[in-house]
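Contents: one structure, followed by commentary.
The values are calculated or read from the model by the stated rules, or taken from the named source; none is laboratory data. Computed from a prediction, not measured in an experiment: that's the story for all the values here. Note: ideal-geometry Cβ built from the backbone for every residue, glycine included; neighbour counts use all protein chains shown.
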Amino acid sequence: MTGFHGPRCGRSASAGGLLQCRHRGAYPPSLDDFVLGTGYGEVHPLEPITARLTLAKRNRTFMILYGHALSSASYRVRIALALKGLPVTSVLLDLRAGEQRLEEFLRINTQGFVPALALDDGAVLTQSVAIIEYLDEIHPHPPLLPQAPLPRARVRALAQAITCDVHPLNNLRVLQYLERVLHQDKATRDAWYRHWVQVGFDALERWLVRDAATGRFCHGDAPTLADVCLVPQVANARRYAVDLEPYPRIVGIDAACRALAGFHSAAPERQA
(Lines give C-alpha, C1' and ligand atoms only; values in the text may rest on other atoms or scores of the structure.)
Protein backbone atom coordinates (compact mmCIF):
# COMPACT_ATOMS: atom_id res chain seq x y z
CA MET A 1 0.00 0.00 0.00
CA THR A 2 1.35 3.40 -0.93
CA GLY A 3 0.52 7.00 -0.21
CA PHE A 4 0.82 6.85 3.57
CA HIS A 5 3.55 8.47 5.60
CA GLY A 6 3.87 9.55 9.23
CA PRO A 7 0.75 10.60 11.12
CA ARG A 8 0.04 14.20 11.95
CA CYS A 9 -2.37 15.70 14.43
CA GLY A 10 -4.76 18.58 14.16
CA ARG A 11 -8.16 19.68 15.28
CA SER A 12 -10.70 18.90 12.65
CA ALA A 13 -13.53 21.22 11.68
CA SER A 14 -16.02 18.55 12.67
CA ALA A 15 -18.81 18.91 15.19
CA GLY A 16 -17.58 18.04 18.65
CA GLY A 17 -14.06 19.32 18.02
CA LEU A 18 -12.64 15.89 17.28
CA LEU A 19 -8.90 15.90 17.83
CA GLN A 20 -7.07 13.11 16.09
CA CYS A 21 -4.14 12.06 13.98
CA ARG A 22 -4.49 12.34 10.25
CA HIS A 23 -2.50 10.53 7.60
CA ARG A 24 -1.10 12.27 4.56
CA GLY A 25 -2.16 10.55 1.39
CA ALA A 26 -5.12 8.67 -0.02
CA TYR A 27 -7.77 7.17 2.22
CA PRO A 28 -7.86 3.35 2.26
CA PRO A 29 -11.08 2.13 0.61
CA SER A 30 -11.64 -1.02 2.65
CA LEU A 31 -10.52 -3.03 5.64
CA ASP A 32 -8.45 -5.14 3.26
CA ASP A 33 -6.36 -2.06 2.45
CA PHE A 34 -6.25 -0.53 5.93
CA VAL A 35 -2.91 -1.78 7.20
CA LEU A 36 -1.32 1.24 8.82
CA GLY A 37 -2.12 2.03 12.45
CA THR A 38 -2.32 5.58 13.72
CA GLY A 39 -2.12 7.23 17.07
CA TYR A 40 -2.24 10.59 18.72
CA GLY A 41 0.75 12.92 18.58
CA GLU A 42 3.75 13.27 16.33
CA VAL A 43 4.53 9.58 16.46
CA HIS A 44 6.18 7.61 13.65
CA PRO A 45 3.88 4.76 12.49
CA LEU A 46 6.55 2.23 13.47
CA GLU A 47 6.56 3.47 17.06
CA PRO A 48 5.11 0.86 19.45
CA ILE A 49 1.53 1.24 20.53
CA THR A 50 2.74 2.10 24.03
CA ALA A 51 4.21 5.37 22.78
CA ARG A 52 1.02 6.31 20.98
CA LEU A 53 -1.22 5.51 23.93
CA THR A 54 1.06 7.48 26.26
CA LEU A 55 0.95 10.53 23.98
CA ALA A 56 -2.82 10.31 23.81
CA LYS A 57 -3.08 10.43 27.59
CA ARG A 58 -0.56 13.26 27.84
CA ASN A 59 -2.33 15.38 25.22
CA ARG A 60 -5.91 14.38 26.04
CA THR A 61 -8.80 16.80 25.85
CA PHE A 62 -11.77 15.53 27.85
CA MET A 63 -12.10 11.89 26.76
CA ILE A 64 -10.05 9.47 24.67
CA LEU A 65 -11.82 7.34 22.06
CA TYR A 66 -9.89 4.24 21.01
CA GLY A 67 -11.24 3.01 17.71
CA HIS A 68 -10.73 2.36 14.03
CA ALA A 69 -11.83 4.47 11.09
CA LEU A 70 -13.78 1.65 9.45
CA SER A 71 -15.11 -0.01 12.59
CA SER A 72 -18.88 0.46 12.53
CA ALA A 73 -19.03 0.28 16.33
CA SER A 74 -16.43 3.07 16.58
CA TYR A 75 -18.34 4.99 13.90
CA ARG A 76 -21.50 4.88 16.05
CA VAL A 77 -19.72 6.43 19.02
CA ARG A 78 -18.10 9.11 16.84
CA ILE A 79 -21.56 10.06 15.58
CA ALA A 80 -22.99 10.31 19.09
CA LEU A 81 -20.07 12.42 20.31
CA ALA A 82 -20.36 14.73 17.30
CA LEU A 83 -24.14 15.13 17.58
CA LYS A 84 -23.70 16.14 21.19
CA GLY A 85 -20.76 18.43 20.45
CA LEU A 86 -18.43 16.65 22.87
CA PRO A 87 -14.65 17.07 22.43
CA VAL A 88 -12.63 13.87 22.29
CA THR A 89 -9.11 12.73 21.50
CA SER A 90 -9.14 9.90 18.96
CA VAL A 91 -6.62 7.05 18.88
CA LEU A 92 -7.00 4.81 15.83
CA LEU A 93 -5.71 1.25 16.20
CA ASP A 94 -4.55 -1.02 13.39
CA LEU A 95 -6.99 -3.89 13.76
CA ARG A 96 -5.61 -5.97 10.91
CA ALA A 97 -2.17 -5.89 12.53
CA GLY A 98 -3.77 -6.99 15.80
CA GLU A 99 -2.95 -3.93 17.91
CA GLN A 100 -6.23 -4.42 19.76
CA ARG A 101 -4.89 -7.74 21.09
CA LEU A 102 -1.62 -6.34 22.43
CA GLU A 103 -1.18 -6.25 26.20
CA GLU A 104 -0.96 -2.45 26.16
CA PHE A 105 -4.51 -2.20 24.81
CA LEU A 106 -5.87 -5.18 26.76
CA ARG A 107 -5.10 -3.19 29.90
CA ILE A 108 -7.59 -0.63 28.56
CA ASN A 109 -10.22 -3.10 27.28
CA THR A 110 -9.87 -6.72 28.36
CA GLN A 111 -12.01 -7.87 25.41
CA GLY A 112 -9.57 -6.39 22.92
CA PHE A 113 -12.37 -4.67 21.02
CA VAL A 114 -12.93 -1.14 19.80
CA PRO A 115 -14.39 1.25 20.67
CA ALA A 116 -13.30 2.02 24.19
CA LEU A 117 -13.94 5.43 25.71
CA ALA A 118 -11.65 6.62 28.50
CA LEU A 119 -13.22 9.31 30.67
CA ASP A 120 -11.32 12.13 32.32
CA ASP A 121 -11.43 10.35 35.70
CA GLY A 122 -9.73 7.25 34.27
CA ALA A 123 -12.84 5.09 33.95
CA VAL A 124 -13.11 3.20 30.66
CA LEU A 125 -16.39 2.41 28.95
CA THR A 126 -16.73 -0.36 26.36
CA GLN A 127 -19.41 -1.66 23.98
CA SER A 128 -20.69 1.02 21.62
CA VAL A 129 -24.37 1.05 22.61
CA ALA A 130 -23.51 1.16 26.31
CA ILE A 131 -21.14 4.06 25.62
CA ILE A 132 -23.79 5.94 23.64
CA GLU A 133 -26.47 5.43 26.30
CA TYR A 134 -24.04 6.66 28.96
CA LEU A 135 -23.32 9.78 26.90
CA ASP A 136 -27.05 10.31 26.43
CA GLU A 137 -27.64 10.12 30.16
CA ILE A 138 -24.77 12.43 31.12
CA HIS A 139 -25.22 14.83 28.19
CA PRO A 140 -28.96 14.60 27.42
CA HIS A 141 -29.13 17.22 24.67
CA PRO A 142 -29.88 16.47 21.95
CA PRO A 143 -31.53 13.25 23.18
CA LEU A 144 -30.83 10.03 21.29
CA LEU A 145 -33.61 8.10 23.03
CA PRO A 146 -37.25 9.19 23.41
CA GLN A 147 -38.50 9.89 26.93
CA ALA A 148 -41.66 7.76 26.79
CA PRO A 149 -41.13 4.04 27.49
CA LEU A 150 -42.83 2.63 24.37
CA PRO A 151 -41.02 4.83 21.81
CA ARG A 152 -37.77 4.31 23.74
CA ALA A 153 -38.24 0.54 23.47
CA ARG A 154 -38.91 0.83 19.73
CA VAL A 155 -35.70 2.81 19.14
CA ARG A 156 -33.68 0.34 21.19
CA ALA A 157 -35.19 -2.58 19.27
CA LEU A 158 -34.32 -1.00 15.91
CA ALA A 159 -30.79 -0.37 17.11
CA GLN A 160 -30.40 -3.93 18.38
CA ALA A 161 -31.73 -5.36 15.13
CA ILE A 162 -28.55 -3.92 13.62
CA THR A 163 -26.02 -4.22 16.42
CA CYS A 164 -27.08 -7.71 17.60
CA ASP A 165 -28.49 -9.40 14.49
CA VAL A 166 -26.46 -8.04 11.56
CA HIS A 167 -23.15 -6.59 12.69
CA PRO A 168 -21.83 -9.53 14.79
CA LEU A 169 -22.01 -11.89 11.80
CA ASN A 170 -19.90 -9.57 9.68
CA ASN A 171 -17.29 -8.00 11.90
CA LEU A 172 -13.58 -8.33 11.25
CA ARG A 173 -12.85 -11.33 13.46
CA VAL A 174 -15.66 -13.34 11.83
CA LEU A 175 -14.41 -12.49 8.34
CA GLN A 176 -10.85 -13.38 9.35
CA TYR A 177 -12.05 -16.72 10.75
CA LEU A 178 -13.78 -17.50 7.47
CA GLU A 179 -10.53 -16.80 5.61
CA ARG A 180 -7.84 -18.06 7.94
CA VAL A 181 -9.47 -21.05 9.64
CA LEU A 182 -12.21 -22.17 7.25
CA HIS A 183 -10.04 -21.27 4.23
CA GLN A 184 -12.77 -19.44 2.35
CA ASP A 185 -11.70 -17.17 -0.49
CA LYS A 186 -12.51 -13.47 -0.68
CA ALA A 187 -15.48 -14.02 -3.01
CA THR A 188 -17.07 -16.46 -0.57
CA ARG A 189 -16.36 -14.19 2.39
CA ASP A 190 -17.94 -11.22 0.63
CA ALA A 191 -20.98 -13.32 -0.36
CA TRP A 192 -21.37 -14.24 3.32
CA TYR A 193 -21.23 -10.56 4.24
CA ARG A 194 -23.80 -9.50 1.66
CA HIS A 195 -26.18 -12.33 2.57
CA TRP A 196 -26.46 -11.41 6.23
CA VAL A 197 -26.78 -7.69 5.53
CA GLN A 198 -29.59 -8.43 3.08
CA VAL A 199 -31.39 -10.68 5.58
CA GLY A 200 -31.20 -7.94 8.20
CA PHE A 201 -32.13 -5.14 5.84
CA ASP A 202 -35.11 -7.08 4.44
CA ALA A 203 -36.67 -7.16 7.90
CA LEU A 204 -35.60 -3.63 8.83
CA GLU A 205 -37.04 -2.12 5.63
CA ARG A 206 -40.43 -3.79 6.25
CA TRP A 207 -40.36 -2.58 9.84
CA LEU A 208 -39.62 1.03 8.93
CA VAL A 209 -42.26 1.06 6.18
CA ARG A 210 -44.90 -0.54 8.39
CA ASP A 211 -44.63 1.72 11.44
CA ALA A 212 -46.28 5.13 11.52
CA ALA A 213 -43.63 6.18 14.03
CA THR A 214 -41.03 6.19 11.25
CA GLY A 215 -40.44 9.69 9.96
CA ARG A 216 -37.58 11.39 8.22
CA PHE A 217 -35.42 9.28 10.51
CA CYS A 218 -35.91 5.83 12.00
CA HIS A 219 -38.15 7.30 14.69
CA GLY A 220 -39.77 10.64 14.00
CA ASP A 221 -38.00 13.65 12.60
CA ALA A 222 -34.84 13.78 14.71
CA PRO A 223 -31.98 11.29 14.79
CA THR A 224 -31.96 8.68 17.54
CA LEU A 225 -29.82 5.75 18.63
CA ALA A 226 -31.40 3.73 15.81
CA ASP A 227 -30.06 6.12 13.16
CA VAL A 228 -26.65 6.22 14.86
CA CYS A 229 -26.50 2.44 14.41
CA LEU A 230 -28.05 2.35 10.93
CA VAL A 231 -25.69 4.72 9.11
CA PRO A 232 -22.47 2.75 9.79
CA GLN A 233 -24.16 -0.46 8.68
CA VAL A 234 -25.29 1.16 5.43
CA ALA A 235 -21.75 2.43 4.88
CA ASN A 236 -20.43 -1.10 5.31
CA ALA A 237 -23.09 -2.43 2.95
CA ARG A 238 -21.94 -0.01 0.27
CA ARG A 239 -18.32 -0.97 0.81
CA TYR A 240 -19.19 -4.61 0.20
CA ALA A 241 -21.36 -3.81 -2.84
CA VAL A 242 -24.69 -4.81 -1.30
CA ASP A 243 -27.56 -3.93 -3.65
CA LEU A 244 -29.51 -1.25 -1.77
CA GLU A 245 -32.22 -0.73 -4.38
CA PRO A 246 -34.70 -2.96 -2.47
CA TYR A 247 -34.36 -0.71 0.60
CA PRO A 248 -35.58 2.79 -0.35
CA ARG A 249 -36.66 3.69 3.20
CA ILE A 250 -33.28 2.72 4.64
CA VAL A 251 -31.48 4.61 1.89
CA GLY A 252 -33.64 7.70 2.45
CA ILE A 253 -33.02 7.72 6.19
CA ASP A 254 -29.31 7.24 5.63
CA ALA A 255 -29.25 10.23 3.28
CA ALA A 256 -31.14 12.41 5.77
CA CYS A 257 -28.65 11.47 8.48
CA ARG A 258 -25.53 12.04 6.39
CA ALA A 259 -26.78 15.54 5.52
CA LEU A 260 -26.28 16.46 9.19
CA ALA A 261 -22.90 17.78 10.30
CA GLY A 262 -22.53 15.27 13.13
CA PHE A 263 -22.90 12.28 10.83
CA HIS A 264 -20.76 13.85 8.14
CA SER A 265 -17.83 14.60 10.45
CA ALA A 266 -17.89 11.09 11.94
CA ALA A 267 -17.65 9.29 8.58
CA PRO A 268 -14.70 6.94 8.04
CA GLU A 269 -13.25 9.01 5.20
CA ARG A 270 -13.10 12.01 7.54
CA GLN A 271 -10.83 10.13 9.94
CA ALA A 272 -7.94 9.66 7.50
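Could you say whether any residue in the stretch 73-85 is in contact with a His (Cβ under 7 Å, 6 or more places away or on another chain), buried (at least 24 other Cβ atoms within 10 Å of the Cβ) and in a helix (DSSP H, G or I)? Yes - at least one qualifying residue is present in the stretch 73-85.
Applying a threshold of 8 Å to beta carbon distances and a minimum spacing of six or more residues, or different chains, the list of pairs starting in the stretch 199-214 at a residue that is surrounded by 12 or more Cβ atoms within 10 Å (Cβ to Cβ) and ending at one that is among the basic types (Lys, Arg) and modelled with pLDDT of 95 or more reads 205/249; 208/249; 209/249; 211/154; 213/154; 214/249. Here's a check for you: in the stretch 162-177, which residue that is surrounded by 19 or more Cβ atoms within 10 Å (Cβ to Cβ) and hydrophobic (A, V, I, L, M, F, W, C) is nearest to the chain's Cα centre (by Cα)? Looking at the filtered set, the residue picked out is 162. Only residues that are part of a loop (DSSP other than H, G, I, E, B), modelled with pLDDT of 95 or more, among the aliphatic types (A, V, I, L, M) and touching a helix residue (DSSP H, G or I) at 6+ places or on another chain (Cβ under 8 Å) were counted across the stretch 141-189, and they come to 2. The C-beta contact set for the stretch 134-155 (first residue in the same structural domain as residue 115 (by TED's automatic domain parsing) and among the hydroxyl-bearing types (Ser, Thr, Tyr), second residue surrounded by 11 or more Cβ atoms within 10 Å (Cβ to Cβ) and not in a loop (DSSP other than H, G, I, E, B), distance under 9 angstrom, 6+ apart or interchain) comprises 134/117; 134/125.
Where residues in the stretch 215-239 are in a loop (DSSP other than H, G, I, E, B) and touching a residue at least 12 places away in the same chain (Cβ under 8 Å), which of them is farthest from residue 135 (Cα to Cα)?
Step one: list which residues in the stretch 215-239 are in a loop (DSSP other than H, G, I, E, B), which gives 215-219, 221-224.
Those still in the list that are touching a residue at least 12 places away in the same chain (Cβ under 8 Å) too: 216-219, 222-224.
Working: 216: 24, 217: 20, 218: 20, 219: 19, 222: 17, 223: 15, 224: 13 Å.
The residue in question is 216.
Residues that are aliphatic (A, V, I, L, M), under 15 Å from the mean Cα position of the chain (by Cα), closer than 19 Å to residue 263 by Cα and crowded, with 16+ Cβ neighbours inside 10 Å: does the stretch 143-151 have at least one?
no
Residue 193 meets all of the listed conditions (1) surrounded by fewer than 16 Cβ atoms within 10 Å (Cβ to Cβ); (2) assigned to a helix (DSSP H, G or I); (3) under 22 Å from the mean Cα position of the chain (by Cα) but one, namely (1).
May I ask you to list the residues in the stretch 216-268 that are among the hydrophobic types (A, V, I, L, M, F, W, C) and on the phi > 0 side of the Ramachandran plot? If you could, list the steps in order and put the result at the bottom.
Going through the stretch 216-268, the residues among the hydrophobic types (A, V, I, L, M, F, W, C) turn out to be 217-218, 222, 225-226, 228-231, 234-235, 237, 241-242, 244, 250-251, 253, 255-257, 259-261, 263, 266-267.
Within the stretch 216-268, just 241 meets the criteria.
Taking the options 67, 98, 85, 122, name whichever one is at positive phi and in contact with a helix residue (DSSP H, G or I) (Cβ under 9 Å, 6 or more places away or on another chain). Please lay out each step first, then the result.
Numbers: 67 fails: at positive phi; 98 fails: in contact with a helix residue (DSSP H, G or I) (Cβ under 9 Å, 6 or more places away or on another chain); 122 fails: in contact with a helix residue (DSSP H, G or I) (Cβ under 9 Å, 6 or more places away or on another chain).
Being at positive phi and in contact with a helix residue (DSSP H, G or I) (Cβ under 9 Å, 6 or more places away or on another chain) holds for just one of 67, 98, 85, 122, which is 85.
Under the condition of being of a type in the set (Gly, Ala, Ser), within 12 Å of residue 67 (Cβ to Cβ) and in contact with a Lys or Arg (Cβ under 7 Å, 6 or more places away or on another chain), the residues counted in the stretch 86-143 number 1. Number of residues in the stretch 86-102 that are surrounded by fewer than 24 Cβ atoms within 10 Å (Cβ to Cβ) and among the aliphatic types (A, V, I, L, M) equals 4. Pairing each residue of the stretch 73-87 that is outside the structural domain of residue 227 (by TED's automatic domain parsing) with any residue that is among the β-branched types (Val, Ile, Thr) and at pLDDT 95 or above, provided the two are 6+ apart or on different chains, yields C-beta distances under 6 Å for 76/228; 77/131; 79/228; 80/132; 80/228.
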